[in-house]
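Heads up: the structure comes next, in structure tokens.
The values are calculated or read from the model by the stated rules, or taken from the named source; none is laboratory data. Quick caveat, the model's predicted, so the values are computed rather than measured. Surface accessibility is based on the protein's heavy atoms, side chains included, excluding ligands, DNA and RNA. Shrake-Rupley method; radii C 1.70, N 1.55, O 1.52, S 1.80 Å.
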Amino acid sequence: MVSHARWKLARDKKVAQGIAEDPEVERRREEISLAFDLGQAVYDRRTALGISQTELARRAGMTQPQVSKLELGGTVPTVPLLARLARAMEAMFRMELFGSSIRVTFTDVDGTTPEEARTEPPATERASAPAAEAEADAGSGRTAATG
């Protein structure tokens, strides 16, 4: 049986020799990477808020196993689901595309990142979800892309 390390090594050797990867394999690899990055962004925001997967699922109209699968990178969420998650986590969703790189984050309405949010007071001391949504809607205006 071939280990994953050997697969990676074989792929790296082919790339070094100038042998291109099958476009379908490359596309799938990018999709897996995006799913992982989206899941990591959800996890980072959820833990910064100090809420459980069950609580996030309740707020977003999902089940806890669906949240777990998403956080582990097992699925690429749809745009409407990303909008629901952003509302459930009192956040703005950002996706930045540059070259072949993608960066995804959920940030506070004021623009702080999950790392910065860890230095803020606990979630119980923040504004309630309806108040945060009202502030977000009043301050930024809704666009067709966010649902």
Range of Cα positions in segment 1-108 per principal axis (Å), largest first:
49, 34, 22
With all protein chains modelled, accessible area of residue 12 [1.4 Å, Å²]
70 Å²
